[in-house]
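Below is one structure; the comments refer to it alone.
The values are calculated or read from the model by the stated rules, or taken from the named source; none is laboratory data. Just so you know, these numbers come straight off a predicted model, no measurement behind them. Reconstructed Cβ throughout: ideal geometry from the backbone, glycine too, with neighbour counts over all protein chains shown.
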Amino acid sequence: MSNSATSAQLGYPSAAIDTAPRTGWGTWILLAGMMFLQYAVWGLWLLPLPQYLGAAPAQGGLGFTAGQTGWILALGGAFGAVTAPFAGQIADRYLNAEKTLGLLLFIGGFVNFALSYTTDYTVFLFLSIAYSILYMPTLPLTNSVSFQNLADPTKEFPPIRMFGTIGWAVAAGVFPWVWLGTNDPVENTRRIADALRASGALSIIYAAYCFFLLPKTPPKPSAEPLAFAKALRLFGHRGFAVVALMALPIAVIHMAFFFRFFPFLTGPVQIPTKYAGFVTSIGQYSEMFFLAILGLLLKRLGFKTVLAIGIFGYALRFAIFSMIQPWWLIAAAQTLHGLCYAFFYAAAYIYVEKVAPADIRHSAQTVFGFLILGVGPILAGVYNQYAPQDPKTFWLLEAGIALAAMLVLLAAFRDTGPMETKDEAPRGFPVTTPASAETA
C-alpha cells in the first residue's frame, strides 16, 4: 500500500503542467546560428557597396553613374526574387532544404569573390544578377528550414529570426569599424571591395555549416510534381490572398523609405552625417525587442490584430516623419521600424507557414518572398521616381498608403485555417486565434 498522495488529495491545488511542444536546445542553437550567418553575409556589403560603385576611380571607386548603380541594385534583387520559386521547387520535391541552401551559398560565395575583382560595368551587372539569383532564394529557405524543425513555430521562430538582425548589425558595424577606418578616404573606399571578399568567404563557411550541421529537412511526398504551381493555388485561400496583396503596397513604401530616409536625415532634419547612421540603426535594435514578443502577441491577439498593428506602425512613423522637426522626435519614431518589420513581415511569414500544405511550404515561402522581395522593389523604383520630392508631402503619402492597406486588411482578412488539399488530411498548427480578433 502506497503512502504517497496527490496534491489534490492533500488539499493543495494541482500545478499546471506545460504541455506545449518544445524544440531541443541543440536544434534551436543551430537554427539561430543559421539566421545569424544568413544576414551577416548580406550585411557585410549591402550598405557600403553604393559608395564603392559610385565613387570615381581616383577616389577609390568604380566610377559608375547613379543610374548604373541603381540598375545593379534593382535588377539583381528582382531577378533573384523571380527565380526563387525554382529553389523552393527543388527543396519541396528533390533535395533536402538544408542541402539546397548550402549549394546556393557555396556557389554564391565564389561569385562574390569574382565581383570584388570586377571593374567593368556590364560584367559587374551580370555577376550581381547571378549572385542575387543564388542568394535571394536562401532568404525564404531559411524561414522554411526553421519552420520545419521547430515544435512551436509561432512561439519559437521570432527569437530565432532575431539572430538574423543581430548578424546583420554585427557585420554591418564591425567590418567598417575594423577595416574602413584609415585616415585616407580613398583607401577606405577602395577597401569596400574587401567586403565582397569577406562576404564570399563567410558564405562558403556558411555553406559548410548548412551541409554538415543543420537539421535534415527532406522533401515532403506528394502526388503533384510542381510544388510552385500548387503554391499559387494559395491565392484561392482568402487569408493568404489578403495578406499577400496587402504586402505589395507595404513592400513598396518599405523600400521607398530606404531610398529617401538617409538624405532626409542629413538634409531637412539636419542630423550630422556621422550620426545619421546611428539613427537608421535604431530600427534594427528595436526589431530585436518586437521579435522577442511577437510569438506571445500572436497567441494572445491573433494574426489579424498583429498584422494590423504592424501596418499601423508604418502609418504612424511616416506621419511623424512628415513633421520634419524636432530631430529627436524623428529619431524616436524610427523605433517603430522594428515594430513594422516584426508585426507585419515576420508575422506574415509565420502565417504563410500556417496556411500552406506541408508538401509546398518551401514554395509557399518563395511565392510570398517573390512578391515582397521582387515585385515590391520593382514597383518601389517606379513609385519613388514619381512620388513627391517635398519631404512633408512624401511622408504623408507613405502614411496614407499604409493606412489604406490597414483598413483593407481589417475589412477583408479572415483566418479560415490551413488550406486543405485532397492529398492531405486536415492538420493543426500551434496558434490559437481569439474569436474577438478574427471575426468581423
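The single condition among (1) closer than 17 Å to residue 377 by Cβ; (2) at pLDDT 75 or above that residue 78 does not meet is (2).
Applying the condition of being modelled with pLDDT of 90 or more and β-branched (Val, Ile, Thr) to the stretch 10-60 and asking which residue is farthest from residue 212 (Cα to Cα) yields 41.
Per-residue answers, yes or no, for (1) buried (at least 22 other Cβ atoms within 10 Å of the Cβ); (2) more than 21 Å from residue 374 (Cα to Cα); (3) modelled with pLDDT under 80:
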| position | (1), (2), (3) |
| --- | --- |
| 222 | no, yes, yes |
| 225 | no, yes, yes |
| 228 | no, no, yes |
| 248 | no, no, no |
| 260 | no, no, yes |
| 273 | no, yes, yes |
| 285 | no, yes, no |
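Any residue at all in the stretch 334-342 that's polar (S, T, N, Q) and within 17 Å of residue 243 (Cβ to Cβ)? No, there is no match, as no residue in the stretch 334-342 is polar (S, T, N, Q) and within 17 Å of residue 243 (Cβ to Cβ). The set of residues in the stretch 262-271 being part of a helix (DSSP H, G or I) and surrounded by 20 or more Cβ atoms within 10 Å (Cβ to Cβ) consists of 265 alone.
Scanning the stretch 110-134 for residues being touching a Ser or Thr at 6+ places or on another chain (Cβ under 8 Å) and in contact (Cβ under 8 Å) with a residue 24 or more places away in the chain gives a total of 4. When only residues in the stretch 353-404 that are more than 24 Å from residue 298 (Cα to Cα) and among the acidic types (Asp, Glu) count, which is surrounded by the fewest Cβ atoms within 10 Å (Cβ to Cβ)? If we take residues in the stretch 353-404 being more than 24 Å from residue 298 (Cα to Cα) and among the acidic types (Asp, Glu), then 390 is surrounded by the fewest Cβ atoms within 10 Å (Cβ to Cβ).
Among the residues of the stretch 293-317, how many are out of contact with any Pro (no Cβ under 7 Å at 6 or more places or on another chain) and on the phi > 0 side of the Ramachandran plot? Summing the residues that are out of contact with any Pro (no Cβ under 7 Å at 6 or more places or on another chain) and on the phi > 0 side of the Ramachandran plot in the stretch 293-317 gives 0. Among residues that are over 22 Å from the mean Cα position of the chain (by Cα), more than 30 Å from residue 96 (Cα to Cα) and either modelled with pLDDT under 75 or surrounded by 18 or more Cβ atoms within 10 Å (Cβ to Cβ) (or both), residue 415 is included.
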